[in-house]
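The values are calculated or read from the model by the stated rules, or taken from the named source; none is laboratory data. From a predicted model like this one, the values you see are computed outputs, not experimental measurements. When we count neighbours, we look across all protein chains shown, and the Cβ atoms used for this are built from the backbone with ideal geometry, even at glycine. Side chains are part of the model used for accessible areas, which takes the heavy atoms of the whole protein and leaves out ligands, DNA and RNA. Shrake-Rupley method; radii C 1.70, N 1.55, O 1.52, S 1.80 Å.
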Amino acid sequence: MARSAKGLDQLRARARESLEKHGGLDPDAFAVLSAKLQYVNGDYGSKRTFRDLRKALGRASRPLYYLAIPPNMFATVVQGLANADCEKGARVVVEKPFGRDLASAQELNRILQNLLYFRFANSFLEPIWNSNYVQSVQVTMAETLGVQGRGVFYEEVGAIRDVLQNHMLEVVALLTMEAPTGRDPDALRDEKQRAFRAMRPITPADVVRGQFRGYRNEDGVASDSQVETFAAVRLHIDAWRWAGVPFYIRAGKRMPVTATEVLVELKRPPQAVFDTIAPSQANYFRFRLSPNVSIALGARDKMPGEAMVGEHVELLVRPGSDNEMMPYERLLGDAIRGDSLLFVREDGVEAAWGVVDPILGNVTPVHEYEPNTWGPVETKQIISGDDRWHNPQPIAGKTLATKE
């Protein structure tokens, strides 16, 4: 269902084109699929639209509604479904806070699965996954794209609401939560809820907002817009395991690369037995979450020769399976089956909003930055002590990280 004037023929043509582009087309199978596709055109605020939807559903008994619509229309559409008797036996999937569009929902689903599995399927992490060994944690989500014609939408949200409140804090929760007591969805959600509650609300002193040069020229964007397209925050976790460990989070558009990456930097050895190890040469775990999933361990190795002098090396693991289920296939399949393991719960949503609430409403200045850079220069004030920003790199198999 949509307000677009495009009809059923365009929908079927789009489905055919997608199949031809992604895996090949079986004409007989597509004929069956095509016959099952339906399209309802109408305004979300019209009762007639939902009556047409009820008619199109026919005898369907367990419909799944995926709301790929602006957040301010969620309540209107859900109420329309209920009033038109479309809600019986139904499930509703809401894009927010599970992402801001199809691409981000795919990405977040992949992130959740890989981080969740890696954390709790490998015992070697547990002894060092705490403030005794971890110096700092960084989570960066960078996009080379701008708002891509979505200026009106972006003016309503900005980077903090768009990805930081949901996407980035969800990643931090998976990094910091305790192990769930079992595979029951609520066991996982309970631990994530505790992780959210341990996050100290972000203060204006711990955030830098930026806006790329040219954003105000986008259609639908105010000429004096104060909406951020970039945000960097310093987050603190008030939990025994993470006390004193800073979490640095960045999200921005028009960055040099498109990547989502986590860097867990470990503390240096307490004594320099051989050569001195600079802060930038400390051991680390690096999780490249998108667009290509990889896990790396940064270590020190002795350089050739007699001198006891080391160099930095990175041990890299990159999954090579071509048979992995597509993330969105997993997402919708879970929704159809009623498996809520990877979906957030209401109390977790509210707790995450409580973390960012103090920095909403343009309470800090927005600094302009040039496209294809890592945000405004003021971002450096978020980093403290010997820490440096870790910048994800685009080329696999070569230098994958720089620090500034």
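With a sphere of radius 11 Å drawn around the Cβ of Glu126, what net charge do the other residues whose Cβ falls strictly inside it have (Lys, Arg +1; Asp, Glu -1)?
Values: positive: Arg119, Arg241; negative: Glu178.
Its environment carries a net charge of +1.
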- Message: Less than 14 Å Cβ to Cβ from Gly45, Lys/Arg counted +1 and Asp/Glu -1: what total charge do the surrounding residues give?
- Response: +2
- Under 5 Å from the placed amide H of Ser290, counting only residues 5+ away or on other chains, we find Thr260
- Item | ³J(HN,Hα), Karplus 6.51/-1.76/1.60, whole Hz, each residue of the range 60-66, x for Gly, Pro | 4, 10, 9, x, 10, 9, 9
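Of Phe230, Phe153, which has the most accessible area and how do the rest follow, probe 1.4 Å? Provide the component values of the computation, followed by the final result.
Details: Phe230 0, Phe153 35 Å².
Reading off the accessible areas and sorting them downward yields Phe153, Phe230.
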- In Hz, Karplus ³J(HN,Hα) per residue of the range 347-363 (6.51, -1.76, 1.60; θ = phi - 60°; x = Gly, Pro): 5, x, 4, 5, 5, 5, 5, x, 5, 9, 3, x, 10, 7, x, 6, 6
- Item | Modelled FRET efficiency - R0 30 Å, Glu350 with Gln79, Cβ distances, 0.05 increments | 0.90
- Near the amide H of Gln135, under 5 Å away, which other amide H atoms are found, from residues 5 or more places off or on another chain, if H is placed in the peptide plane? Glu265, Leu266, Lys267
- Determine, for each peptide in 254-260, 136-142, the mean count of other beta carbons within 10 angstrom over its residues, then list the peptides with the highest first. 136-142, 254-260
- Message: Taking θ = phi - 60°, what integer Hz values does the Karplus form 6.51 cos²θ - 1.76 cosθ + 1.60 yield along the range 368-373, in sequence order, with x for Gly and Pro?
- Response: 6, 9, 6, x, 6, 10
- Out of Val32, Thr49, Ser18 - ranked by how far each Cα lies towards the positive end of the dipole of the range 1-50, with unit charges on the beta-carbon of charged residues - the top one is Thr49
- Note on the structure: In whole percent, the fraction of accessible protein surface over the range 10-72 that belongs to carbon or sulfur atoms, probe radius 1.4 Å, stands at 50
- Amide proton proximity set for Phe212, modelled H, under 5 Å, gap of 5+: Thr229, Tyr369
